[in-house]
Structure formats: C-alpha cells, structure tokens
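Nothing in this text is a laboratory measurement; each read-out follows from the coordinates by a stated rule. Keep in mind it's a predicted model, so treat the numbers as computed, not measured. Ideal geometry is used to build each Cβ from the backbone, glycine not excepted, and the neighbour counts take in all protein chains shown.
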Amino acid sequence: MSDPIISKILCPKCGSSTTFIERDYATKERILSCFMCGMRAYGDIEIQKILLPQIEAAKEKQLKRVQRLCSWKDCNKDNGSRRNARTNSKYCSRDCSNKNARYRYLERKKIGG
Ligand SMILES: [Zn+2]
Ligand SMILES: [Zn+2]
C-alpha cells in the first residue's frame, strides 16, 4: 500500500490530499476517508481503484523529468555515445535530425523499391 512514488492519496471527489486510511475493526477492511468532503472508499479494491491512476500519473511525470536521449540511432555526439536530446526536440542537434531524416528517406526508398 505504501508506494514510494506518491506520498499522499488525493481524494477522487474533491482533489484534496487530506485523506487518511483507517481500518474497520469489524470487517478488518481498510477505509480511505477524506477530511474535506467526507468521501469514503471501503476495502483495498476500492482504494486501489483510486490509487492506481494516481500512481500512473506520478510515474508519467517522473518519466518526463528524465532526460530523453537523442533519437538518432547512431548519435555519437557525447564522446562517442548518444547525447541527450534538446528540449522541444527529439535530437541533440540539427545534424542528428538531418541524419535521421536521410536514413528514414533511404529506408523508405529501399522498401518501396
Ligand atoms: Zn474529498
Ligand atoms: Zn544526436
């Protein structure tokens, strides 16, 4: 239940992070409650349903933060290995962009005959 990627479960109703998990003593089920709006989700399945999309979103955010590498397969601009792509570009340089375009063009010609 304690996924390190998100610190707080956001309430699916009001979006507030003032949620807390308690345990129903009778059923031993976990209950996710929201201070703000009083939303309650009973049981792990219901809680997972709320939690999973939030984990996915957090993961996606994390991925976006990670630098992407130049999309040109033979890029060697970083001392012989692939360099990070520039922001707003799939490539690290105009050069790599051109090389990739040329490669794709030749590939297409090959397939097309
Ligand atoms: Zn709420
Ligand atoms: Zn490159």
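What length, rounded to one decimal in nm, is gained on full extension from Ile55 through to Phe35, with 0.36 nm per residue of separation minus their alpha-carbon distance?
Value of the extension gain: 5.1 nm.
Projecting each Cα onto the charge dipole of the chain (Lys/Arg +1, Asp/Glu -1 at the beta carbon, about the Cα centre), which of Cys37, Asn84, Ile111 comes out farthest on the positive side?
Highest projection toward the positive end goes to Ile111.
Just want the answer: with Cβ charges of +1 for Lys and Arg and -1 for Asp and Glu, which residue in Asn100, Ala57, Ser16 is farthest toward the dipole's positive end in the chain?
It is Asn100.
Relative to the present Cα-Cα distance, how much length would full extension add between Tyr103 and Gln62 at 0.36 nm per residue of separation?
Gain on extension, Tyr103 to Gln62, equals 11.6 nm.
Sequence-distant or interchain residues sharing an amide H contact under 5 Å with Leu69, placed H: which?
Under 5 Å from the amide H of Leu69: Ala85.
³J(HN,Hα) across region 64-80 via Karplus (A = 6.51, B = -1.76, C = 1.60, θ = phi - 60°), whole Hz, x for Gly/Pro?
Along region 64-80, the couplings run 5, 6, 5, 4, 8, 8, 3, 7, 6, 5, 9, 4, 9, 6, 9, 6, x Hz.
Working from Cα positions, state the angle (0 to 90°, nearest 10) between the long axis of helix 94-112 and the longest principal axis of the chain.
Once rounded, one gets 80 degrees.
What is the extension gain from Ile21 to Ile45, computed as 0.36 nm multiplied by their sequence separation minus the C-alpha to C-alpha distance, in nm to one decimal?
Using 0.36 nm per residue and subtracting the Cα-Cα distance, I get 7.3 nm.
Spelling out what I want: for every residue of region 24-33, take phi, set θ = phi - 60°, compute 6.51 cos²θ - 1.76 cosθ + 1.60 (Karplus), and round to whole Hz; glycine and proline get x.
Per residue, the Karplus-derived 3J(HN,Hα) values read 6, 5, 6, 9, 6, 8, 7, 10, 9, 10 Hz.
Which residues make up the longest stretch of the chain clear of trypsin sites (Lys or Arg not before Pro) that lie in a DSSP loop with no more than 10 other Cβ atoms within 10 Å, not counting the sites?
It works out to 29-72.
Only Lys, Arg, Asp and Glu count, each charged at its Cβ (+1, +1, -1, -1), so figure out the dipole size of region 67-113 about its Cα centre, rounded to 20 debye.
Around 140 debye, computed over region 67-113.
Nothing charged except the Cβ atoms of Lys and Arg (+1) and of Asp and Glu (-1): what's the magnitude of the dipole of the chain about its Cα centre? Round to the nearest 20 debye.
Charge dipole, the chain, about its Cα centre: 1120 debye, nearest 20.
Rounding to the nearest 20 debye, state how big the charge dipole of region 19-65 is about its Cα centre with +1 on each Lys and Arg Cβ and -1 on each Asp and Glu Cβ.
The dipole of region 19-65 has a size of about 280 debye.
Determine ³J(HN,Hα), in whole Hz, for all residues of region 42-57 in sequence, where each value follows from phi through the Karplus function 6.51 cos²θ - 1.76 cosθ + 1.60 and θ = phi - 60°; x replaces Gly and Pro.
9, x, 4, 5, 5, 5, 4, 4, 7, 6, 4, x, 6, 5, 4, 4
Strictly under 4.7 angstrom between C-beta atoms: which cysteines of the chain have no such partner?
Cys96
Considering only DSSP states other than H, G, I, E and B, which chymotrypsin sites (Phe, Trp or Tyr not before Pro) in region 16-113 qualify as loop sites with at most 16 other Cβ atoms within 10 Å?
Listed in order of number, the matching sites are Tyr25, Phe35.
In this model, which of Lys73/Lys109; Lys77/Lys110; Lys28/Lys64; Lys77/Lys109; Lys64/Lys110; Lys8/Lys73 are farther than 30 Å apart at the alpha-carbon?
In this structure, Lys28/Lys64; Lys64/Lys110; Lys8/Lys73 lie more than 30 Å apart at Cα.
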